[in-house]
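The values are calculated or read from the model by the stated rules, or taken from the named source; none is laboratory data. It should be emphasised that the depicted structure is a prediction, and the values quoted were computed from it without experimental measurement. Positions of Cβ are generated from backbone atoms using ideal geometry, with glycine treated the same way; all protein chains shown enter the neighbour counts.
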Amino acid sequence: MAKKFIGERVRRNEDARLLTGQALFVDDIEIPGMLHAAFKRSDYAHARILSINVSAARDLPGVHAVYTAADMGEDWAPGPPLVSPPPSVKDVTFYSRRQAPLVKDVIRHAGETLAVVIAESRYIAEDAVDEILVEYDPLPVVSDLEKALSADSPLVHDDLESNLAAHLNQQKGDYESAKKQADVVIQRRFHLDRGAAVAMENRGIVAHWDEKAKQLTIWDTTQAPIPIRNGTASRLGLSENQVRVIAPFIGGAFGPKMMMFYPEEMLIPWVSVQLCRPIKWIEDRRENFYATTSEREQVHEVEIALTKDGHILGLKDDFLHDTGAFDPYGLTLPLNTQCHLMGPYNIPNFSSQCTAVFTNKPIVTPVRGAGRQQGIYIIERMLDISAAELSIDPTVIRKMNFIPPDAFPFNNTIVDQAFTPLILDSGNFVAVFEKAAEMIGYEKFVKEEQPRLRASGKHVGIALTPFIETTGVGPYEGARVQIETNGKVNVVTGYGTQGQGHFTMLAQIVSEQLGVAVQNVRVVTGDTAEFHWGTGTFASRGAVVMGNAVHAAASGVRKKVLKLASKVLSTPEEELELVDGVVRIADVPDRSISLGELSGLANPLRGAVDPGFEPGLESTDYFGPQSGTTASGCHGMILEVDPETMMVEIKRYVAVEDCGRVINPLIVEGQIHGGVSMGLGNAYYEKLQFDEDGQILNASLADYLIVTSREMPKKVETGHWETLSPLNQLGSKGVGEAGAIPVPALFAQALQNALFDHKFEILETPLSPNRLFELLQAS
Amino acid sequence: MKPPPFEYFAPTSVDEALAHLTKYGYDAKPLAGGQSLIPMMNFRLAQPSVLVDLNNISELAYIRPGESGGVSLGAMIRHKTVGSDSLIVDRFPLVHEAIKNIGTPQIRTRGTFGGSLSHADPSAELVTISVVLNGQFRLLSQQGERWVHANEFFTGSFSSILEPDELLVEIKLPVLPEHSGWSLQEVARRHNDFALMGVAATVELDGDGSCKQARMVFMSAGDRPMESLQAEEILKGQKPSLELFQAVSEKASTSDIDPGGDIHASKEFRVHLAKVLSQRALQEAFNRAREN
Amino acid sequence: MDNLFNLSITVNGVLYERQVEPRLLLSDFLRHDLGLTGTHVGCEHGVCGACTIQFDSQPARSCLMFAVMAHGHRITTVEGLGTLEKLHPLQEAFKEEHGLQCGFCTPGFLTTLTSFLEENPDPTEEEIREAVSGNLCRCTGYQHIIGSVKLAAEKMRTN
């Protein structure tokens, strides 16, 4: 009987190297002759550069070069747009403005790169940066989203008429008619604010231009080595084959490392070509807050139309979205928000206008959740508010509005980030919700425990928040699978990995097809010399798109194995099985041949081959989904709050997820736990705070608060539900972002529930003890 | 985030260290645990041209019983050592509790008692409790030595009475009298963060259960440890009661402190926390006193 | 370069003698001068804990120490805890319990925890959480890390 690998809690192949400090990260690269870069960054969020004096910096011993925009000459050019607006949405307004390697004249956010110093060490480079004198002509700063659109607002881009970056309008059905039919129309305004990804590893690049070989090798902490390679080759006038981009082990990414091209990514390879030396730039933590992207700020004006028994007739949400100083990432974030406003609910009428606004703040691109968190926050808060107003139990109002399990595929018609209609492919929202309710003991808590605790003076609250997550989007990924003569299997992809366990998860998919132990499957990711077709790791698409590409390639190898083995063993293919590294006649173990030996036979050194021959046991294949899959879930929380100190303790936490076919439950659990810790951060600890001059007030880990082991609940209890996706062979969906998505809404609901004896409404996120104090004082 | 260059000395005796400080004056900074100074240097917020490393001066690290049951601490004694010392655990529970709240485990293996005090951060636990416990500090320079009371030592936010050629070398803490109770209350964003507001309180009971003496000092409540003299006045001679604690905490939080506002907490929130925490601190201190 | 200090330092049992600038951080010295890149740098202001090493067996942040301060002392980095051929029981437990994802923060946890377990061979969950409260992890949410420590403590006690 063939052993099962998919669905098993396989321990990770990559762990031993990581645990013993033997894994290569970008800052570990040492090349003889390597020089180090440090940037002079703007102190002002909006200013004209009158002059930059680098002569003192250049003269410092140990400094090899200092470059400003002027020094780049004709090579200076802004970065390419990453994602264009979807062609399928009508009446889209979009003004594309992109970041530059070094600012030429106008600075548009604090931290923009003004000059780069190349020196013997980072220490000397930083000394030289301190010697650079910049004369600024400060300009008025655009920092408030709403004020940015007023007629007399200063302009972030003065070649535009306003700070409008984009506008799009999406409609489903006819909201205005629905509103007329409603018994109740509830309106609210929400303010959501920025969070940062804060991966433990900051960004970094090493670029090595070998003048003799005319070859450029780049190590980059990117989630997308292939586009980086292609874009870099194009910018430098090189052939794609002359550029190799390697994303080695990466210390967490969570979205911002997908953004391309960062100014440093445009500049450092160019410097290497100028100096014919390897150049290393490693971002430090202070830079990271300014120079690496962040997201989440939006202002929503929401309206929900309901019948008096709680059925949603329609939802309207017009919102402003902060895109920062530039918008290379197109409309992905606001589209994600729009596509999650309807959540897992059957909402027949929907209207949403999104206005993206330029501000003098760092660029906005996806951070775990990527706009979905905001959409889910809005609908879940509105349902809580509606439930309170209609005197309906919050679980009842949700259950009555869920899309039923037999209604899939469910077409929400509006366009999503992949430019396709938002079609939810599968799910069972009721079952997932009820499972979470059961796991947390919702009924018993509300009926018995909570009244008892309240009577003793404790403020405890419970919440359940369901959600969907569109995942597994295209366009495609590819993989090459090959059996070597030693019997081990090589899997190669251009896709990057940042801790999600791809080395193991992808190996399991291969093992399932080829019957080889997971430890004997070697996965190579993120090296364009090995594989150069694909996009990158984002939008929770690894298991879906890469997983299915690997599955297809492994299946291709399996076919070749069976065909050849059938000849070698003189047995029909149907009677053969692949087990433990051999091909054998089913249940006749001694009639077999090892995969290694078979692989040798597949690559003859002499003789003639048949037409159509492909050497070895190797197959390359691709997978491109027609549309994204729909993962879903429901989280539950019981928390206690001290209404005097505003301190919160999470007593219980449950997370039920439906990510379709689970390839490795251990890895899925880890993703959920990590996502929840980030979500909790977004709920009560993390907020990237700007002052009105566009300066970040908490640009350090001492003040931007990441949750530690002592803030997490003792146990995040995970539960599974599996509705297989019909869109791919494996039936998988994604789960990388799921843990973070419902948490702010969940936290708000639990907190309101706990503070039942105070009259106030939570219409914002992130919260903080100070903010909660203000809300309670005002009530 | 690399520090700028500096000249470095690693003396092995106090005299050697003092000689460097005298020679370089304001250009020199003593380096103790480095847990506060080195981050500032990495940010280039502090740029001393000379560092005098005190970590090789073994004569500065000790815990010795003092007169009348008190304790004498050498300035370079590490937090972790203090926290696990049996004398401290047995006789100085407030110090033990304060140490537990300092930063993180790694900070406690390197941070020093004297270093924390010299850094004079009004949010620091040891700064606060050294005042509430009536600590005395021995300062040494080539000129000689002087003893300073804890409440005179701290002169402002991150500033102390230390002259540039002077070192804090010893801290003397008396033991709490019999029938005493203590409490340390803190509220922070995360467990290991600096307190948004905190209060350390000690009370001594009379034979009839009324308050003979009380001390209450707030942290993160001003530019130095803020002692609530008014509260201490009100408590004298009074029998403990909820109404008393409420009155005292109201007075203390509105009259005796002057907290600022920042991104983590507004002034109003801090004042509110001061009231809440001082009430809880008094409750706990009196309860402990009764148990003794 | 003037102002160089003659550093003599033992790292993972090996004595090294180098001339270094006083301002060279211990984290950079270990990583770039000695090529021991297992110790990672996450913040350089003493918060994230990724750079944690053992200084005379006690966990300390190497980004908050100049290499010259370690003159004459013993440093243990993650490379000194175990090898690919022979993992430390704690490293094995991390693998078993999925206590790491991207692995960047992991060396800092390991150096903190081996020292902790030596002093506390039978810790409670609360004590473990407190012991690692100075190490930030953005990937795991800490749950499996705590599980790894419990498993390791058990393994190490029975051996």
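Odds and ends about this structure:
- Positions within the range A:32-61 being outside any loop (DSSP other than H, G, I, E, B) and among the charged types (D, E, K, R), in sequence order: A:K40, A:R41, A:R48, A:R58, A:D59
- Options A:A16, A:A23: the member that is surrounded by 15 or more Cβ atoms within 10 Å (Cβ to Cβ), modelled with pLDDT of 95 or more, among the small types (G, A, S) and part of a loop (DSSP other than H, G, I, E, B): A:A23
- Scanning the range B:178-196 for residues that are in contact (Cβ under 8 Å) with a residue 12 or more places away in the chain and touching a Phe, Trp or Tyr at 6+ places or on another chain (Cβ under 7 Å), we see that the one that is farthest from the other protein chains (Cβ to nearest Cβ) is B:G181.
- Selection within the range A:19-61 - within 14 Å of chain C (Cβ to nearest Cβ) and touching a helix residue (DSSP H, G or I) at 6+ places or on another chain (Cβ under 6 Å): A:L19, A:G21, A:A23, A:H36, A:A38, A:L60
- In the range C:129-159, residue farthest from B:Q106 (Cα to Cα) [restricted to those that are within 11 Å of chain B (Cβ to nearest Cβ) and in a helix (DSSP H, G or I)]: C:R129
- Against the list (1) at pLDDT below 95; (2) crowded, with 24+ Cβ neighbours inside 10 Å; (3) among the charged types (D, E, K, R), the condition C:D2 fails is (2).
- Within the range B:178-228, the set of residues being aliphatic (A, V, I, L, M), over 27 Å from B:S68 (Cα atoms) and out of contact with any His (no Cβ under 7 Å at 6 or more places or on another chain) comprises B:V187, B:A188, B:A195, B:M197, B:M219, B:A221, B:M226.
- Within the range C:67-98, the set of residues being more than 7 Å from every other protein chain (Cβ to nearest Cβ) and farther than 18 Å from C:N12 by Cα comprises C:E92, C:A93, C:E97.
- Residue in the range A:207-224 that is nearest to the other protein chains (Cβ to nearest Cβ), counting only those that are modelled with pLDDT of 95 or more and crowded, with 23+ Cβ neighbours inside 10 Å: A:T221
- Residue in the range A:438-449 that is surrounded by 23 or more Cβ atoms within 10 Å (Cβ to Cβ) and either at pLDDT 95 or above or hydroxyl-bearing (S, T, Y) (or both) present: yes
- The residue that is farthest from C:F104 (Cα to Cα), among those in the range A:199-227 that are touching a residue at least 24 places away in the same chain (Cβ under 8 Å), of a type in the set (A, V, I, L, M, F, W, C) and out of contact with any Pro (no Cβ under 9 Å at 6 or more places or on another chain), is A:I226.
- Selection count where residues are assigned to a helix (DSSP H, G or I), farther than 22 Å from B:L51 by Cα and of a type outside the set (K, R), scope the range C:1-59: 2
- Of everything in the range A:590-637 that is among the hydroxyl-bearing types (S, T, Y) and touching a Leu at 6+ places or on another chain (Cβ under 6 Å), the residue that is nearest to A:L341 (Cα to Cα) is A:T630.
- Checked against the criteria, C:H98 counts as under 17 Å from C:A152 (Cβ atoms) and either in contact with a Cys (Cβ under 7 Å, 6 or more places away or on another chain) or not small (G, A, S) (or both).
Residues are listed down the side, and each one gets a yes or a no for (1) more than 10 Å from chain C (Cβ to nearest Cβ); (2) of a type outside the set (S, T, N, Q):
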{"site": "A:G681", "(1), (2)": "no, yes"}
{"site": "A:D693", "(1), (2)": "yes, yes"}
{"site": "A:E722", "(1), (2)": "yes, yes"}
{"site": "A:S725", "(1), (2)": "yes, no"}
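- Residue, nearest to the chain's Cα centre (by Cα), within the range A:8-22, restricted to residues that are under 22 Å from A:V510 (Cα atoms) and of a type in the set (A, V, I, L, M, F, W, C): A:V10
- Count of residues meeting criterion [of a type in the set (A, V, I, L, M, F, W, C), more than 23 Å from the chain's Cα centre (by Cα) and not in a strand (DSSP E or B)] in the range A:77-119: 7
- When the helices (runs of 4 or more DSSP H) confined to the range A:145-253 are screened for residues that are within 24 Å of the chain's Cα centre (by Cα) and hydroxyl-bearing (S, T, Y), those reaching at least 1 such residues are found at A:225-236.
- Residue that is surrounded by the most Cβ atoms within 10 Å (Cβ to Cβ) [pool: residues in the range A:248-293 that are under 27 Å from A:S121 (Cβ atoms) and among the β-branched types (V, I, T)]: A:I279
- Residue match in the range A:294-304 (condition: in contact (Cβ under 8 Å) with a residue 12 or more places away in the chain, crowded, with 24+ Cβ neighbours inside 10 Å and more than 19 Å from the chain's Cα centre (by Cα)): yes
- Test: A:E711 is in a loop (DSSP other than H, G, I, E, B) and more than 22 Å from the chain's Cα centre (by Cα): yes
- Where a residue in the range A:264-277 is assigned to a loop (DSSP other than H, G, I, E, B) and its partner, wherever it lies, is not aliphatic (A, V, I, L, M), with Cβ under 7 Å and at least six apart: A:C276/A:W209; A:C276/A:E211; A:R277/A:G33
- Single residue of the range A:169-206 satisfying the filter (charged (D, E, K, R) and exposed (fewer than 15 other Cβ atoms within 10 Å of the Cβ)) that is nearest to A:L24 (Cα to Cα): A:R189
- For the range B:59-86, a tally of residues being among the β-branched types (V, I, T) and closer than 19 Å to B:Q106 by Cβ returns 3.
- Those helices (runs of 4 or more DSSP H) of the range A:402-515 in which 1 or more residues are in the same structural domain as A:F531 (by TED's automatic domain parsing) and hydrophobic (A, V, I, L, M, F, W, C) occupy A:502-514.
- A:L666 meets all of the listed conditions (1) under 16 Å from A:A740 (Cα atoms); (2) within 13 Å of chain C (Cβ to nearest Cβ) but one, namely (1).
- The residue that is surrounded by the fewest Cβ atoms within 10 Å (Cβ to Cβ), counting only those in the range C:102-127 that are outside any loop (DSSP other than H, G, I, E, B) and at the interface with another protein chain (Cβ under 8 Å from one of its Cβ atoms), is C:E125.
- The condition (being over 27 Å from B:F92 (Cβ atoms), surrounded by 14 or more Cβ atoms within 10 Å (Cβ to Cβ) and within 14 Å of another protein chain (Cβ to nearest Cβ)) is satisfied by just one residue among B:A274, B:A265, B:A247, B:A281: B:A265.
- The number of residues in the range C:66-95 being in contact (Cβ under 8 Å) with a residue 40 or more places away in the chain and under 14 Å from the mean Cα position of the chain (by Cα) comes to 8.
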